[in-house]
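What follows is a short report on a single structure.
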Amino acid sequence: MKDHNKTPAVVNWTGYLAMTMLLILPIAVLTVRSGAWQEGLLLYAISCLGAALLLLVSIVMLVLPRFGHWRKAISMRAIIMLPGALLLLSLAGGSGDYPPIHDITTDIDDPPIFTVAPKQRSAGANSLELDSEVMSQQQQAYADIQTIVSEAAIDEVFDRAVQVATNLGWDIYHQDRNTGVIEAVDTTRIMGFKDDVMIRVRSNAQGTLLDLRSSSRVGVSDLGANAKRIRAFVQAFNQ
């Protein structure tokens with residue numbers, strides 16, 4: 001005769017492991033923010049994948065008749081697995097078909113050149129050198145990202161660019177009205193990744209031209225983050 005008062009070990013262990021996966025999440029975030037981003041992302045992936053697998057195991061147990069008496073206990077433990085599993089789904093759904101690049105600009109023919117950013121980046125950061133292969137991949141993936149052309153005076157465009165960057169939460173660490181250059185850093189909310197952004201303002205016969213360049217300090221692919229940042233700026237500027 002089964003003892004229905006005693007929860008099966010497999011049910012308890014899924015709960016213990018689920019709690020462990022949940023506790024790893026903040027540790028992973030803190031590890032990334034401390035600078036050990038590769039190790040932190042590995043912990044993050046382990047936590048999310050582990051939670052998803054445990055949730056799958058729990059679902060199997062819920063449909064098996066032999067665990068019918070402990071369905072409430074299984075469901076309570078499955079709730080602990082949801083955050084990690086949902087994060088994994090969001091990562092999978094948001095990965096998209098992005099090229100393995102992390103440096104995006106509105107002007108692929110004459111990209112803005114960072115002047116102060118190299119001093120802000122660590123020795124192990126991504127290079128700020130651009131090559132034709134990166135530009136080709138950008139053109140194919142983000143053909144909509146183009147130079148902003150304005151009829152406003154160059155000083156007005158410069159001031160507007162500073163205001164928009166500030167409103168977007170970018171930390172401006174360099175601006176030079178004479179050269180029309182603004183450099184800033186944008187920090188992601190959770191992981192604390194830092195991406196350098198440059199705004200270049202100049203004029204020609206068309207009017208005042210505003211170009212942007214957004215470059216991740218670490219990582220191979222930015223999963224579209226830099227393009228998204230530039231689009232957000234363009235939208236805010238045009239409003």
Among (1) open to solvent by less than 30 Å² (accessible area, probe 1.4 Å); (2) within 30 Å of Gly124 (Cβ to Cβ), where does Leu88 come up short? (1)
Go through (1) in a helix (DSSP H, G or I); (2) exposed (fewer than 12 other Cβ atoms within 10 Å of the Cβ); (3) in contact (Cβ under 8 Å) with a residue 12 or more places away in the chain for Leu62 and report which single condition fails. (2)
Can you tell me which residue among Leu42, Leu53 is open to solvent by 70 Å² or more (accessible area, probe 1.4 Å), among the hydrophobic types (A, V, I, L, M, F, W, C) and closer than 19 Å to Arg189 by Cα? Leu42
Only one of Val134, Val181 is of a type outside the set (D, E, K, R) and at pLDDT 95 or above. Can you tell me which? Val181
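To keep it simple, each residue is scored yes or no on (1) open to solvent by less than 80 Å² (accessible area, probe 1.4 Å); (2) assigned to a loop (DSSP other than H, G, I, E, B).
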site	(1), (2)
Lys119	no, no
Ser127	yes, yes
Ile145	yes, yes
Glu156	no, no
Gln163	no, no
Thr166	yes, no
Gly169	yes, yes
Gln175	no, no
Exactly one of Asp196, Asp211 is of a type outside the set (Val, Ile, Thr), touching a helix residue (DSSP H, G or I) at 6+ places or on another chain (Cβ under 6 Å), open to solvent by less than 10 Å² (accessible area, probe 1.4 Å) and at pLDDT 90 or above, and that residue is Asp196
With the requirement that a residue be among the aromatic types (Phe, Trp, Tyr) and closer than 30 Å to Trp70 by Cβ, what does the stretch 6-38 give you? Trp13, Tyr16
Out of curiosity, is Thr115 surrounded by fewer than 21 Cβ atoms within 10 Å (Cβ to Cβ), in contact with a strand residue (DSSP E or B) (Cβ under 7 Å, 6 or more places away or on another chain) and in contact (Cβ under 8 Å) with a residue 60 or more places away in the chain? yes
Considering Ser221, Ser203, which residue is open to solvent by 20 Å² or more (accessible area, probe 1.4 Å), among the polar types (S, T, N, Q) and touching a helix residue (DSSP H, G or I) at 6+ places or on another chain (Cβ under 7 Å)? Ser203
So, first residue surrounded by fewer than 19 Cβ atoms within 10 Å (Cβ to Cβ) in the stretch 19-35, second residue of a type in the set (Lys, Arg), Cβ within less than 9 Å, six or more apart or across chains; the pairs are Met19/Arg77
Can you pull out every residue in the stretch 4-18 that is assigned to a loop (DSSP other than H, G, I, E, B) and either open to solvent by 60 Å² or more (accessible area, probe 1.4 Å) or in contact with an Asp or Glu (Cβ under 8 Å, 6 or more places away or on another chain) (or both)? His4, Asn5, Lys6
Test Ile104 against the criterion of being touching a residue at least 12 places away in the same chain (Cβ under 8 Å), among the aliphatic types (A, V, I, L, M) and assigned to a strand (DSSP E or B), and give yes or no. yes
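The values are calculated or read from the model by the stated rules, or taken from the named source; none is laboratory data. Just so it is clear, the structure is predicted and the values come from calculations on it, not from any experiment. Using ideal geometry, Cβ is built from the backbone for each residue, glycine included, and neighbour counts are taken over all protein chains shown. Accessible surface areas use protein heavy atoms only, side chains included; no ligands, DNA or RNA. Shrake-Rupley method; radii C 1.70, N 1.55, O 1.52, S 1.80 Å.
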